[in-house]
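What follows is a single structure, written as structure tokens, with notes after it.
The values are calculated or read from the model by the stated rules, or taken from the named source; none is laboratory data. Keep in mind that what you see is a predicted model, and the values were worked out from it rather than measured.
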Amino acid sequence: MTHNSPQLPVMRRLPAIALLGLAVALLTTGGVGAQQTNEQLAARCSELGAIFDKYGTRRSEGSGGPDMTRLGAGIDCQKGRYAQGIKALEDLLRRNRISFPPA
């Protein structure tokens, strides 16, 4: 009888089955602390940018023009550099004392 024989008792196969189940669970859920997808990160960039655009934009005459940090963060997000864009937007919102939802 070989080691891979279907005749092996179920008890001898349980550790392998349990390990396989654990591996499948980790792969399908992404494991603990899974990375966010690009779609989620892009949505976060949009969310933070919209919050700043709504509450942080100065609209008065002589306001000094657009916020360069906001523009740079928007470009980072558009080019797929989500981590940099999100960090810049979160920092900008904090500096302007604008609350935003946690990630």
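Structure above, values below:
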item	result
The listed residue being at pLDDT 95 or above and outside any helix (DSSP H, G or I), out of Gly65, Gly80, Gly85, Gly72	Gly80
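Yes or no, residue by residue, for (1) small (Gly, Ala, Ser); (2) at pLDDT below 95:
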position: Cys45; (1), (2): no, no
position: Arg58; (1), (2): no, yes
position: Leu93; (1), (2): no, no
position: Ala103; (1), (2): yes, yes
